[in-house]
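Derivation of every value follows stated rules applied to the coordinates shown; laboratory data play no part. Remember, predicted model here, so these are calculated numbers, not experimental data. Here the Cβ is made from the backbone with ideal geometry for all residues, glycine too, and neighbour counts use every protein chain on show.
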Amino acid sequence: MKKPKPQPGLPTPDQIMRFIEQSPGAVGKREIAKHFGLHGADKIALKALLKDMTDEGIVDLAPGRAFHKHGGLPKVTVLRVVAIEGSNLWAVPDRWEASTPPPRVRVMEQGRKGALGIGDRILARTEERGSGHVAHPMKRLQASAELIVGVLVHDVGPGGKAMTWLRPADKRARFDFAVADMGDAAIGDLVRAELTGRGPATKAKVIERIGDPFAPKALSMIAIARHEIPHVFSGETIAEAERAAKLPLTPEGREDLRALPIVAIDPIDARDHDDAVWAAPDEDPGNKGGFRAIVAIADVSYYVRPDGELDREARRRGNSVYFPDRVVPMLPEILSAGVCSLKAGEDRAAMACHLVIDSHGKVTSWRFTRALVRLRANIAYEHAQAAYDANEAREAWDGDVLPALKALWACWALLAKARAARNPLDLDLPERQVILDEAGGIAEIRVRDRLDSMRLIEDYMIAANVAAAKALEAKKSPVMYRIHEPPSREKLVSLKEYLETFEQSFALGQVITPAVFNRLIDGFSEDDRLPEIMQAILRSQTQAYYGPANSGHFGLALGSYAHFTSPIRRYADLIVHRALVDSYRLEVPGKAKDLPQRTGLGEADAKGLSRIGEAISALERRAMEAERETIDRYVAAYLANKAGEIVAARITGVQPFGFFATVDGLGGDGLVPVSILGSERFFYDEAARTLVSEHGRVSFSTGQRLDLRLMEANPVSGALRFELPDAPEGGFRDRPVRRDGLKKDKAGKHVVGKRGRPANIKHKGKRR
């Protein structure tokens, strides 16, 4: 970029930039003139120079006439709080006109703990710290205005008058909201609205029409809108992706592995292909009975380079988000489904992890190279399993594919042996799979089969992930670890109390390892209560996250673990690839005009791994919640025509206000409120997670199987509503229901619940 030439007597643009960057406060024309001692005509010349610097894209002019580095943050600016993650508060600029994504700023709330909430606007002083920004609040500008996604409906309001209501898409929301302003939306539209006011006076103002909630792909669009998931790439990002896709791919600087029968084994509905594998008996006499293996991973770092538009957008997204009807990719499709995706018969850039595995399944050595691969086949899990079991290749395969599968299975037998000795946490939880027809309708919802071919790939990926972490540790390089800490004592106490209701002891004084939980699971292996036991164990676990301070991976029983195997869809893996490039000097030729040249991690990101880890961990949680909600919406859509039918269900949770149940084989969950269980009072036993009737004749416990009548299935929120098939005598179902969710007694006079909680609840047992 050509910089404006300074005029005699004026500071140079570089001098002005240094002053702006080093100044602790906002810098306007007056501060610049004073600092450089400019007077009279020099001030006029300075004004022209600053205009030239702004036009050339060297500086930006913020509101208030203060200058700051182009694409950066003003020293004093207005921010909007967008996320609260644990003890961290995050904000973005309230106004952002640059073409780059707005920076995410950590807000330092010193002395104001809990004072700010999502949606609040603050005037703040900002500063660069590491590779990011922090903000120090100076003034709160306005109270938060909550945003909500929902559907506009006509319904009866107070006095029997027809009104427009916003029905939230969040199934946890208990109430509809009266609409004060529909904007350009119509009844039935999915919208984003701003809530104003408090309590019964809360009103919704539509600020964005999203579309038809029942159009094709709309169920995933609800989650995208509700969680504000970026799903459209900017023109600049697409343009850089197109330039990156044209990068030359040659064997220069790469290990040529195209002669090996490397195969990729993925889900049958995989949208991208990060990983491929190969194995063969080790010919080294010193490793008799052992194997050599290669885990080849898409070399995304060759195409997505630090500090470019692609990199900024990938970091902003953090990961790809997978829905039954679409994927919201971390990278544009020309990369994620194109040149980065490992496809049979195509030359592809790869990062190769070479493993040596002894006869006991222990990985004894590893090395990493940049490679050139040409896969023999892309194989679905089901097809790989069928071919191995039948010892018969599919017609479309080359002749060396079946032998390659046999070698992979033989090597995996050793890895599985080592895994069994390690005894990681073995929670075999069902995964729901939505099968769509060609028109986008729901053909089937089922539990995904758990095949040996899936376990095989999982163990190869784990071995490569461990090797990546240890390789970086050996070089004393920064590592983005995947961390899973042991359960907290509080959660273990809760688990102990729950297990006691099954007459199962659990010693808190023992050393807690995954094997302890596995023994619990084994003890219930022949019990139909096993699913709820595994769910209880899952609830006792901490949530895994990314960070540079290693605490091990409790669930996998591993001391060092880093995600390396999915850089197309996870930013954490891309960080690990870049660190390997730096540590093992794996830069390769591949310069291109208008693209960053470096493919390694770089010093700034190496120092900022903690901040990056916090951000991508939060984005991962967002993606998981959006994916789970969307599956629930598909289940509700699948059941929508079955209202009134009896379904087999299982109780998944019990609370003082009722119990939650899920439909066997399908999932989804709905509430059975205590108010419809009968005329008796119900007592809530917190330790046993059970509702017991006053005279002990009826009880409802977690894990209990029962038949329920499906009364409603709401595809927009994913919520189900159940009732008992035969309402008990004296049931409360016919009581008038108020708009605020409270109920009245049989005479319709007295409210029997407060804040949505029925009044006929008593607590039993310890309260915490």
Open item on the list: Between segment 235-276 and segment 147-175, what is the separation of their alpha carbon centroids in Å?
Closed with: 48
Open item on the list: I'd like the Karplus ³J(HN,Hα) series for segment 365-371: coefficients 6.51, -1.76, 1.60, θ = phi - 60°, whole numbers in Hz, and an x wherever there's a Gly or Pro.
Closed with: 7, 7, 8, 10, 9, 8, 9
TODO: Calculate, for HIS695 and VAL511, the FRET efficiency according to 1/(1 + (r/R0)^6) with r their C-beta to C-beta distance and R0 35 Å; round to the nearest 0.05.
DONE: 0.20
Task: Ranking of PHE564, PHE175 by count of other Cβ atoms within 10 Å, fewest first - done: PHE175, PHE564
Open item on the list: Multiplying the sequence separation of LYS417 and GLU242 by 0.36 nm and subtracting their Cα-Cα distance, what value in nm do you get?
Closed with: 58.5 nm
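When a footprinting reagent is the concern and you count Cβ atoms within 10 Å, what order do HIS553, HIS695, HIS273 take, fewest first? Please report the intermediate quantities before stating the final value.
Details: HIS553 25, HIS695 8, HIS273 21.
Fewest-to-most Cβ neighbours within 10 Å comes out as HIS695, HIS273, HIS553.
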Open item on the list: Place a point 7 Å from the Cα of LEU530 along the Cα-to-Cβ direction; which residues of segment 408-436 have their backbone N under 20 Å from it?
Closed with: 420-421, 423-433
Open item on the list: I need to check one value: relative contact order of the chain, counting alpha carbon pairs closer than 8 Å and at least 6 residues apart, in percent.
Closed with: 10
Open item on the list: Rounded, prolate or oblate for segment 486-541? Axes are the square roots of the Cα gyration tensor eigenvalues, ordered a ≥ b ≥ c, and the cut-off for rounded is a/c under 1.5.
Closed with: prolate
- [ ] Go ahead and collect, in residue order, the members of segment 290-331 whose backbone nitrogen is under 19 Å from a label point 7 Å along the Cα-Cβ direction of ALA259.
- [x] 292-296
TODO: Evaluate the distance, in nm, between pseudo-label points positioned 7 Å from the Cα of LYS362 and of ASN88 along their respective Cα→Cβ axes.
DONE: 3.8
- [ ] Could you tell me which GluC sites (Glu not before Pro) in segment 544-652 are loop residues by DSSP with no more than 11 other beta carbons within 10 angstrom of their beta carbon?
- [x] GLU645
Open item on the list: Run lengths n ≥ 4 of DSSP H only: what is the helix-derived mean residue ellipticity at 222 nm for the chain, with -39500 (n - 2.57) per run over all residues, to the nearest 500?
Closed with: -8000 deg cm²/dmol
- [ ] Rounded to the nearest 0.05, what FRET efficiency do GLU680 and GLU712 give with R0 = 35 Å and r taken as the Cβ-Cβ distance? Could you check?
- [x] 0.85
Task: Net dipole in debye of segment 193-333 [+1 Lys, Arg Cβ; -1 Asp, Glu Cβ; about Cα centre; nearest 20] - done: 860
- [ ] Could you pull out every residue, at least 5 positions away or on a different chain, whose amide H is within less than 5 Å of the one on MET711? Hs are placed 1.01 Å off N in the peptide plane, and Pro or chain starts have none.
- [x] GLY644, ARG721, PHE722, GLU723
- [ ] Measure off 7 Å from each Cα along the Cα-to-Cβ vector at ARG394 and ILE646, then give the distance between these two points in nanometres to one decimal.
- [x] 4.3
Task: Listed pairs LYS406/LYS475; LYS75/LYS139; LYS29/LYS607 exceeding 24 Å between Cα atoms - done: LYS406/LYS475; LYS29/LYS607
Open item on the list: Using a 10 Å cut-off around each Cβ, can you sort TYR584, TYR561 from fewest to most neighbouring Cβ atoms?
Closed with: TYR584, TYR561
Task: Cut-off under 5 Å, modelled amide H: who pairs with GLY28 long-range - done: PHE67
Open item on the list: Which of the three applies to the chain, rounded, prolate or oblate, going by the alpha-carbon gyration tensor with a ≥ b ≥ c and a/c under 1.5 meaning rounded?
Closed with: oblate
Task: Rounded FRET efficiency, nearest 0.05, which uses the C-beta distance separating ASP452 from ASN550 and R0 of 22 Å - done: 0.10
